[in-house]
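A short reminder: the numbers here are calculations on the coordinates, not readings from a lab. Fair warning: this is a prediction, and the values are worked out from it, not measured in the lab. Don't worry about glycine lacking a Cβ; one is built from the backbone with ideal geometry, like all the others, and counts go over all protein chains shown.
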Amino acid sequence: KIYSGADGDYTLYEDDGISQDYLQGKGTWTHMVWNDKAKRLTLKPGAPDGMTNTTSDRKFNVEIIPGGVMKEIRYSGSRVEVTFL
């Protein structure tokens, strides 16, 4: 859910949940940036320096609040920009 009214910036971190690869800095970082004026969401890789970003196909169901506009976004590790009008 994106609560409109201001810009936003968030990085989602995920690991495999099984191994201890995270101790070697391996994981999936997805940087999400919301531009409220443009009503645009950008998803891109966001691993910190020195970390190894693994990619995985993801599906995000994004809802804009208020208004209830929903979109399904497919992300596979490459920059994606989606505009909500």
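Remarks
- Environment charge of Tyr22, counting only residues whose C-beta is closer than 13 Å and scoring Lys/Arg +1, Asp/Glu -1: -3
- D by Stokes-Einstein for the chain, Kirkwood Rh over Cα pairs, 4 °C, 1.567 mPa s: 94 µm²/s.
- What the Cβ-Cβ distance of Val80 and Tyr22 gives, at R0 = 22 Å and to the nearest 0.05, is a FRET efficiency of 0.35.
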